[in-house]
Amino acid sequence: MNDMKDRWLSVDEIAAHLGVKPATIYKWLTRRKMPAHKVGRLWKFKIAEIDAWVLSGRAKLQ
């Protein structure tokens, strides 16, 4: 699991980590609320940033 914390995750991987559909991830991205980094045309995520974001309560949909 330490390997997962160090590498960049894809939309599908982060959706599986959070237990949501990839469409939900894209919805959160378009609202600019989810911490992510765009690499070319791909979105990439650091698991520590996502976990901190969820724990802060900012993942709630308004």
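The values are calculated or read from the model by the stated rules, or taken from the named source; none is laboratory data. Owing to the predicted nature of the structure, the values given are computational and were not obtained by experimental measurement. Reconstructed Cβ throughout: ideal geometry from the backbone, glycine too, with neighbour counts over all protein chains shown.
Computed values, structure above
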read-out	value
Subset tally (residues that are over 11 Å from the mean Cα position of the chain (by Cα) and among the polar types (S, T, N, Q)) for segment 5-62	3
Residue list for segment 39-62, restricted to those being more than 14 Å from residue 9 (Cβ to Cβ) and exposed (fewer than 12 other Cβ atoms within 10 Å of the Cβ)	40, 41, 55, 56, 57, 60, 61, 62
All positions within segment 17-62 that are farther than 18 Å from residue 7 by Cα and among the small types (Gly, Ala, Ser)	19, 23, 56, 57, 59
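Quick grid of which residues meet (1) assigned to a loop (DSSP other than H, G, I, E, B); (2) at pLDDT below 95:
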| site | (1), (2) |
| --- | --- |
| 29 | no, yes |
| 43 | no, no |
| 52 | no, yes |
| 62 | yes, yes |
